[in-house]
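Notes to accompany the following structure.
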Amino acid sequence: MRKKNLRLLAALIVAGMLAAGLGTVLAADKVKLTVAYTYNVESFLPGEDENNNEIINYLREKSGFDIHWIILPPDQPWEKVNLMLASGDPPDIIYCPDKNQFGNWLHQGALARLDEYLTDTPNLDRLVPEDAWGAVTWEGGRYAVPIPQNQRIAGTTGIFVRTDWLDELGIERPETLDEYYDMMVRLKNDRKVIPLTAAAANGLIDGFTGAFGIGTAYKVKDGKIVCSYIEPEAKEYLAYMNKLYREGLLDMEFPVNKGGNVQEKMVSGQAAMAPVGWWDALPIDRNFTKLNPDGKLEYIKPPVGPRGEWGIPNHGPVRTFLVVPAQSRRIKEAVEFLEFMADPEVYNYVSFGLEGVHYYEENGEKFLTEEYENRRWQIYYTLVDTQEGFAIRLRDKGFKEYSDQ
């Protein structure tokens, strides 16, 4: 009953906010804008969808635009967007977290240059640092509104290990490639498990690539930019991984594994170690603990290579590219809408909802309520984001423990 009353209160507050807004604007008088957003696992409440809920109604009323949201399919989302671009009826704004896809569209001439529309956008100017603008600038023009990377997290993947097994076998935390090799031999012989599993169809296993200085496709070497994967150190990497593979220390299925296969092998105790993103570490650990209440999974330092190199790729400056197709007939309005979405009041409502209903503040910090659980689908509308907002969701969803590691 309390949840029902809270939802009713939220609906009444939103209605009041809208009534106090810009007044009634007939839909026929509004400029229509279409936004394409990538799929997320969150679901809408019964009877609602991406174009029928409190947030989309709020955005329509407060922005003055007739907003239509498209959620892209989870598999091959850019194929759908490319079909829309080819049809001559593209979305006006595309939420694109894929830098390679951004680069493809840029080189195809498919994106609008936005500079003339970014001359009076104080909200976006406050949100986007200079290095992020540099990452979307091509031949002197800006072709996206970049949402900056979260600088609290240097990287996203680490070596996730059954440290309870290491402790039981008296194995010190490994540092070098040789120590990692010795650890894997012990795990295979004494535990009869797969020492290292991964999902790496391209053969590049995070953490181990860094030990050979090939953690990124290109790097500076001897004052030149070189392709890491054809340098001599790439052969060293292949030789080391081939040794693991031949001796049964590396999962023979690693080229065909999917993320779900890695999770299953870690949870069930088939494997002892895997490169895992912090977002996957949470469900792995929770499901693992149900089956192994005395077990322990932790991140450990990636191996150090023969030249002292180690680690995983650092973030680039951009997390998401908000792009406008060159074919859009509403480029100016699309940028105006992005500026509207970056308004602190709008951002706060979209991201966190109503104070006293979906969140509360204590000592200047936001905390999400139980009622917020019914609003997880708000993620589909976070076109813009801040580091503070990201950190709040990270903490309240339980990911912080793993991202901190």
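The values are calculated or read from the model by the stated rules, or taken from the named source; none is laboratory data. Predicted model, so just to flag it, every value in this text is computed and none were measured. As a convention, Cβ positions derive from the backbone with ideal geometry for all residues, glycine included, and neighbour counts pool all protein chains shown. These area figures cover heavy atoms from the full protein model, side chains too; ligands, DNA and RNA do not enter into them. Shrake-Rupley method; radii C 1.70, N 1.55, O 1.52, S 1.80 Å.
Search the stretch 130-152 for residues that are more than 18 Å from Asn104 (Cα to Cα) and touching a residue at least 60 places away in the same chain (Cβ under 8 Å) and pair each with any residue that is of a type in the set (D, E, K, R) and open to solvent by less than 60 Å² (accessible area, probe 1.4 Å) when their beta-carbon atoms are under 7 Å apart and the residues are at least 6 apart or on different chains.
Listed by first residue and then by second, the contacts come to Ile147/Arg319; Ile147/Asp385; Pro148/Arg319; Gln149/Arg319; Asn150/Arg319.
All but one of (1) more than 22 Å from the chain's Cα centre (by Cα); (2) closer than 17 Å to Arg393 by Cβ; (3) of a type in the set (Ser, Thr, Tyr); (4) open to solvent by less than 40 Å² (accessible area, probe 1.4 Å) hold for Ser328; which doesn't?
Among (1) more than 22 Å from the chain's Cα centre (by Cα); (2) closer than 17 Å to Arg393 by Cβ; (3) of a type in the set (Ser, Thr, Tyr); (4) open to solvent by less than 40 Å² (accessible area, probe 1.4 Å), Ser328 violates only (2).
Within the bounds of the stretch 244-254, is there any residue that is touching a residue at least 40 places away in the same chain (Cβ under 8 Å), open to solvent by 40 Å² or more (accessible area, probe 1.4 Å) and in contact with a strand residue (DSSP E or B) (Cβ under 8 Å, 6 or more places away or on another chain)?
no
Condition first: in contact with a helix residue (DSSP H, G or I) (Cβ under 8 Å, 6 or more places away or on another chain), open to solvent by 40 Å² or more (accessible area, probe 1.4 Å) and not in a helix (DSSP H, G or I). Now tell me which residues in the stretch 50-70 satisfy that.
Glu50, Asp66
Which of the residues that make up the stretch 46-73 are touching a residue at least 24 places away in the same chain (Cβ under 8 Å) and under 23 Å from the mean Cα position of the chain (by Cα)?
Glu50, Ile55, Ile56, Trp69, Ile70, Ile71, Leu72, Pro73
Could you list, in sequence order, the residues of the stretch 161-180 that are surrounded by 22 or more Cβ atoms within 10 Å (Cβ to Cβ) and aliphatic (A, V, I, L, M)?
Val161 - this is the single residue of the stretch 161-180 that is surrounded by 22 or more Cβ atoms within 10 Å (Cβ to Cβ) and aliphatic (A, V, I, L, M).
Just wondering, is there one or more residues in the stretch 149-160 that are open to solvent by 10 Å² or more (accessible area, probe 1.4 Å) and over 25 Å from Trp278 (Cα atoms)?
No, there is no match, as no residue in the stretch 149-160 is open to solvent by 10 Å² or more (accessible area, probe 1.4 Å) and over 25 Å from Trp278 (Cα atoms).
Only one of Glu355, Glu365 is under 25 Å from Ser43 (Cα atoms), open to solvent by 30 Å² or more (accessible area, probe 1.4 Å) and either without any contact (Cβ under 8 Å) to a residue 60 or more places away in the chain or within 22 Å of the chain's Cα centre (by Cα) (or both). Can you tell me which? Outline the logic, then answer.
Numbers: Glu365 fails: under 25 Å from Ser43 (Cα atoms).
One residue alone meets the criteria, Glu355.
Identify, from the list Glu61, Glu79, the residue that is modelled with pLDDT of 95 or more and either in contact with a strand residue (DSSP E or B) (Cβ under 8 Å, 6 or more places away or on another chain) or within 21 Å of Val335 (Cα to Cα) (or both).
Exactly one residue qualifies, and that residue is Glu61.
Would you say Val276 is in contact with a helix residue (DSSP H, G or I) (Cβ under 7 Å, 6 or more places away or on another chain), touching a residue at least 40 places away in the same chain (Cβ under 8 Å) and open to solvent by less than 20 Å² (accessible area, probe 1.4 Å)?
When the stated conditions are applied, Val276 passes them.
Name the residues in the stretch 112-148 that are over 16 Å from Thr320 (Cβ atoms), acidic (Asp, Glu) and open to solvent by 50 Å² or more (accessible area, probe 1.4 Å), would you?
Hits for the stretch 112-148 are Glu116, Asp120, Asp125, Glu130, Glu139.
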